[in-house]
């Protein structure tokens, strides 16, 4: 497996999630709409469903044209657009809920997973086994961790675990180390 290739044919992603591309490319919304349309997603709207592979193809084009920083920015927009379980109050709950949220926002087959493992009092790791770009997932994890970090925390650090596998190198997962 590798990034940009759906794990199963027929998987769809909801419009709320697709709109994160538009939000992430806020300074060039016209290009965002064009990239999506060129890859088979015209006029995305909440409540509708779109082929995951088309969305992944759009990500690949964005990466080629605008680079990994744009993928990271788009990932940071996911928590504001996608549906998440209610009543989340802690960073551990937020990171643990990521898999449930992922499954609510996708349908139609095997999509992969997000698995949170607490590694210390104020640390954990998140194993992201899905077809999304590494930089996109890093942005998603960072935004979710920032949103639910404890009040007394000076900040959150999210870094790629370079000792673990990486989708950029053809693996089917990436691991992120989170400290707060």
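Structure notes:
- Residues (closer than 15 Å to residue 111 by Cα and surrounded by 18 or more Cβ atoms within 10 Å (Cβ to Cβ)) located in segment 16-51: 17, 50, 51
- Residue, farthest from residue 173 (Cα to Cα), within segment 110-135, restricted to residues that are out of contact with any strand residue (DSSP E or B) (no Cβ under 7 Å at 6 or more places or on another chain) and surrounded by fewer than 21 Cβ atoms within 10 Å (Cβ to Cβ): 121
- Of everything listed in (1) surrounded by fewer than 18 Cβ atoms within 10 Å (Cβ to Cβ); (2) touching a strand residue (DSSP E or B) at 6+ places or on another chain (Cβ under 6 Å); (3) touching a residue at least 60 places away in the same chain (Cβ under 8 Å), the single unmet condition for residue 13 is (1).
- For the residues 85, 131, 79, the requirement of being at pLDDT below 95 and under 27 Å from residue 162 (Cβ atoms) singles out 79.
- Scanning segment 25-47 for residues that are over 19 Å from residue 126 (Cβ atoms), touching a residue at least 40 places away in the same chain (Cβ under 8 Å) and assigned to a helix (DSSP H, G or I) turns up nothing.
- Criterion: closer than 21 Å to residue 25 by Cβ, touching a residue at least 12 places away in the same chain (Cβ under 8 Å) and either surrounded by fewer than 19 Cβ atoms within 10 Å (Cβ to Cβ) or in contact with a strand residue (DSSP E or B) (Cβ under 9 Å, 6 or more places away or on another chain) (or both) - qualifying residue of 138, 107, 77: 138
- Number of positions in segment 121-135 that are in contact (Cβ under 8 Å) with a residue 24 or more places away in the chain and over 13 Å from the mean Cα position of the chain (by Cα): 4
The values are calculated or read from the model by the stated rules, or taken from the named source; none is laboratory data. As the structure is a computational prediction, the values presented were derived from the model and not from experiment. We place every Cβ from the backbone using ideal geometry, glycine too, and count neighbours over all the protein chains shown.
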